[in-house]
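Participant: Dropping the structure in here first, questions after.
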Amino acid sequence: MRKPFIAGNWKMNTDAAGAAALASGLVKALAEVTTVDVAVCPPFVYLQTVAKALDGSAIQLGAQDVYFQNNGAFTGEISCAMLKDVCCKYVIVGHSERRHIIGESDELINKKAAAVIASGLHVILCVGELLEEREAGKTKTVVAEQVKKGLAGVTAEQMKSVTIAYEPVWAIGTGRNATPEQAQEVHAMIRGLLAELYGNAVAGQTRIQYGGSAKPANTAELMANPDVDGLLVGGASLKVEDFAAMVKTVA
Ligand code: PEP
């Protein structure tokens, strides 16, 4: 069975005191939860502050992005080694805001995913279609391409270090989540694709999160789908009560 996995993506939010308070609040609120894997992904500059607040708890630390080189003249970038050094376990790669605002390509995202896996960290590879792509009936083609390109060169063995997050771009931060049926349809397609690429065992073990306006009120219905194994949560992860309620609903 796949253990549910809920991750909070804090994006470019909080400040040092707020990040510490949010992390400490979650540690307290989720102290009894053992049946769900939980991670939070604060901005880079607050990783160490949050690591301290999470110390001794089951909540894991994640980063929102990474660069694929180990070190050197890459001004402004952060490496996997640096993330490991500050106790990260997970790294989000290919978030739609990086694809569509910053302009990251599938090729760059693939290099980042490969670097994360090679470093011993666990990658959360985000994929998802734009509204116009959905309306043009291209959702499955677009998402399948992003999964294939993002995982190019990743072996079946390395898939243990991969979570896929299906995040329809039109649902992110809009308050309009995919319906449970829409989510399940794409998740099932992704799992089928993983079976083609890596076999049934890997497809059966890989967790596929849903992301896009997930909140306490829609957590149960989204998570009731057989191929929805967790959530990647943006806005609702910034409030202890909301994020904790979502985790507890799943637990
Ligand atoms: C996200 O940023 O990954 C996300 C899903 O955001 P929100 O939950 O705010 O839609």
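The values are calculated or read from the model by the stated rules, or taken from the named source; none is laboratory data. Since the structure is predicted, the reported quantities are computational estimates derived from the model, not experimental observations. Note that each Cβ is placed from the backbone with ideal geometry, even for glycine, and that neighbours are counted across all protein chains shown. Ligands, DNA and RNA are excluded from the accessible area calculation, which covers all protein heavy atoms including side chains. Shrake-Rupley method; radii C 1.70, N 1.55, O 1.52, S 1.80 Å.
Participant: Just reorder Thr249, Thr49, Thr206 by solvent-accessible area, largest first, 1.4 Å probe, all chains present.
Facilitator: Most to least solvent-accessible, the answer reads Thr249, Thr49, Thr206.
Participant: If I model a spin label at Arg176 and Lys138 as a point 7 Å from the Cα along the Cα→Cβ vector, what separation in nanometres do I get?
Facilitator: The answer from the label model is 1.8 nm.
Participant: Still on this model: Given a cut-off of under 8 Å on Cα pairs at least six residues apart, what relative contact order in percent is computed for region 114-218?
Facilitator: 32
Participant: Placing unit charges on C-beta atoms (Lys and Arg positive, Asp and Glu negative, everything else neutral), compute the dipole magnitude of the chain about its Cα centre in debye, rounded to 20. Show your work: numbers first, answer last.
Facilitator: Details: 23 positive and 26 negative charges, 77 e Å.
Charge dipole of the chain: 380 debye, to the nearest 20.
Participant: Using a 10 angstrom Cβ neighbour count of at most 16 plus a DSSP loop assignment to flag exposed GluC sites (Glu not before Pro), which longest range of the chain is free of such sites?
Facilitator: 78-251
Participant: In addition: Quick one: pull the percent of accessible area on the chain belonging to carbon and sulfur, 1.4 Å probe, ligands and nucleic acids left out.
Facilitator: Numbers: 5790 of 10970 Å².
Using a 1.4 Å probe with all protein chains present, the chain comes out at 53 percent carbon and sulfur.
Participant: For the chain, what is the per residue volume of the convex hull drawn over the alpha-carbon atoms, in cubic angstrom?
Facilitator: 115
Participant: Next question. So if we plug the beta-carbon distance of Ala16 and Asn71 into 1/(1 + (r/R0)^6) with R0 = 35 Å, what FRET efficiency do we get, rounded to 0.05?
Facilitator: 0.85
Participant: Then there is this: Keeping every protein chain in place, order Arg207, Arg2 by accessible area at 1.4 Å, biggest value first, i.e. largest first.
Facilitator: Descending order: Arg2, Arg207.
Participant: Here's another thing I want to ask about it. Trypsin sites (Lys or Arg not before Pro), restricted to region 112-147: which are DSSP loop and have at most 13 other Cβ atoms within 10 Å?
Facilitator: Listed in order of number, the matching sites amount to none.
Participant: Once a ≥ b ≥ c are taken as the square roots of the eigenvalues of the Cα gyration tensor of region 122-175, is the result rounded (a/c under 1.5), prolate (a/b larger than b/c) or oblate (a/b not larger than b/c)?
Facilitator: Oblate is the answer for region 122-175, as a/c is 1.5 or above yet b/c matches or exceeds a/b.
Participant: How much accessible surface does Phe44 have with a 1.4 Å probe, in Å² rounded to 10?
Facilitator: Only protein atoms counted, so the area is about 80 Å².
Participant: Next question. Can you give the net charge of the other residues whose Cβ lies under 12 Å from the Cβ of Ser119, counting K and R as +1 and D and E as -1?
Facilitator: Numbers: positive: Lys84, Lys89, Lys112; negative: Asp85.
Result for the local shell: +2.
Participant: On average, how much accessible surface per residue is there in the chain, in Å², for a 1.4 Å probe, leaving out ligands, DNA and RNA?
Facilitator: Numbers: 10970 Å² over 251 residues.
Accessible area per residue: 44 Å².
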